[in-house]
Amino acid sequence: MIVLGIESSCDETAAAIVNDKKEILGECVLTQLEHKTFGGVVPEIAARAHLEHIEDILEETFKKANITPSDIDAVAAAAGPGLIGGVVVGVMAAKSLALALNKPFIAINHLEGHALAARLTSSVKYPYLLLLVSGGHCQILIVKGVGEFERLGTTIDDAAGEAFDKVSKMLGLGYPGGPMIEKMAALGNEDRFVLPRPLHNSGDCNLSFSGLKTAVRKIIESYSPDNNIEHAILSKQDTADICASFQKAVTESLVYKLQKAIVIFRTKYPEGKDIVVSGGVAANTYLRNKLQKLAEIEGLVFSAPPIRFCTDNGVMIAWAGMERALKGMYNDLDFKPRPRWPLDIDAPKAAGAGGVKA
């Protein structure tokens, strides 16, 4: 079986083709660099860029795969959550192809794409424990199967990736913040600044990063003569130390809550052996190393998608589409794109294994 996947939920226009042998036949990703000027993604600009480039991305993907559109067996697209203008572009492109080729259409929850990506590149078996960390989402879940998620914890405010972006902006490091902070943190002293670990004593698996972000802001303001963050005077070492201390605080918060989740996971699913991290923040090597050590201590197998598949890409959508296609989980062509779509709430009725249902 061969599945085409389309991703357009934020600032990457991407497509990929995979088969049921876990082979990536072809892929293409275009990252919209124009948003750097604004320090974040501008939805209207993103939607126009998706519309402008989607046709070329699809053409290039089929060219790399050395197949024709008629050779695919299904078309999958990220149908939410995300910036609705971009999501609509990808979904309409997928629906148009499905209708023209008389192939099944599959609506993919963008987060499920992240959640299942490690199963393409590693031998991860259901059920497994998942830490999903990205710019807009931060959740701890038990993945029981395709479309079967049990949420153990989530952020009550900012996501981890969002906090990275905002701290990076405060420090004048630019966008996206994650890679910038990780690079600076490698030069810093992670123990120089004492930062809070929000919700440390909450007793649950929920997370919070808003207070941590505020604590960093106050440190930066202390380097200003009038407590104005814009007037702060930081040396390169000051900046590096703040980045290192912040990165450590975020990582320790995630690891601590994941330890609590492991206890719950083992109680409910003693046969479960895998722990997975995915999402854009999963590209952070400092976090990966700490999670690897946690898994070793707990006797679990740690997995993460290759770094290039942590950020948004078409491969994860194509693979999630493959997992659904193999179970005959297709969708009607009247499926409506969703700006919000909780991962533990699956898609509405599927069209079944019969194919496209107009």
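The values are calculated or read from the model by the stated rules, or taken from the named source; none is laboratory data. Keep in mind it's a predicted model, so treat the numbers as computed, not measured. Cβ coordinates were reconstructed from backbone atoms using ideal geometry, including for glycine residues, and neighbour counts include every protein chain displayed. Quick note on the areas: whole protein, heavy atoms, side chains included, nothing else; ligands and nucleic acids left out. Shrake-Rupley method; radii C 1.70, N 1.55, O 1.52, S 1.80 Å.
Lys and Arg at +1, Asp and Glu at -1: add these up for the other residues within a Cβ distance under 12 Å of residue 303 and post the number.
Values: positive: 119, 125, 273, 288; negative: 274.
After counting each charged neighbour, the total is +3.
Here the 3J(HN,Hα) profile of the stretch 142-148, calculated from phi with Karplus coefficients 6.51, -1.76 and 1.60 at θ = phi - 60°, is 9, 9, 8, x, 4, x, 10 Hz, Gly and Pro shown as x.
Given the alpha-carbon gyration tensor of the stretch 215-261, what are the semi-axes of its equivalent ellipsoid in whole angstrom, ordered largest first, with each equal to the square root of 5 times an eigenvalue?
Details: eigenvalues 162, 26, 5 Å².
Each semi-axis is the square root of five times an eigenvalue, giving 28, 11, 5 Å.
Toward the positive end of the charge dipole of the chain, with +1 on the Cβ of Lys and Arg and -1 on the Cβ of Asp and Glu, the farthest Cα among 86, 216, 295 is that of 295.
If you wrap a convex hull around the Cα atoms of the stretch 26-144, how much volume per residue is inside, in Å³?
Numbers: hull volume 15.1 nm³, N = 119.
Normalising the Cα hull of the stretch 26-144 by residue number yields 127 Å³.
Give me the percent of accessible area attributable to carbon and sulfur for the chain, probe 1.4 angstrom.
Working: 8000 of 15080 Å².
That fraction is 53 percent.
Note on the stretch 99-179: Cα Rg divided by 2.2 N^0.38 Å, N the number of residues, gives 1.39. Of the peptides 134-140, 111-117, 65-71, the order by per-residue mean of other Cβ atoms within 10 Å, starting with the highest, comes out as 111-117, 134-140, 65-71. To the nearest ten degrees, helix 160-170 and the longest principal axis of the Cα atoms of the chain are 50 degrees apart.
Between helix 43-65 and the chain there is an angle of about 60 degrees, using the helix long axis and the longest principal axis of the Cα atoms.
Treating only the Cβ atoms of Lys and Arg (+1) and Asp and Glu (-1) as charged, compute the dipole magnitude of the stretch 219-357 about its Cα centre; round to the nearest 20 debye. List each step's numbers first, then the result.
Working: 18 positive and 16 negative charges, 133 e Å.
Taking the Cα centre of the stretch 219-357 as origin, the dipole is about 640 debye.
Once the 1.4 Å probe is applied to the protein heavy atoms, the stretch 201-249 comes out at 46 Å² accessible per residue.
Working note: Cα atoms of the stretch 180-227, range along each principal axis, descending, whole Å: 39, 29, 18. In the stretch 220-330, the inverse of the mean reciprocal separation of distinct Cα atoms equals 17.2 Å; this is its Kirkwood hydrodynamic radius. Placing one equal scatterer on every Cα of the stretch 118-266 and applying the Debye formula, the log10 ratio I(q)/I(0) at q = 0.09, 0.10, 0.16 Å⁻¹ is -0.32, -0.39, -0.86.
Using a probe radius of 1.4 Å on heavy atoms only, what accessible surface per residue do you get for the stretch 64-180? Whole Å² is fine.
On a per-residue basis, 32 Å².
Springs join every pair of Cα atoms under 10 Å in this Gaussian network model of the chain, and among 58, 326, 171 the largest mean-square fluctuation is at 326.
Which one, 98, 325, 232, has the greatest fluctuation when you compute a Gaussian network model over the chain with C-alpha springs under 10 angstrom? Per the Cα network of the chain with a 10 Å cutoff, 232 tops the list.
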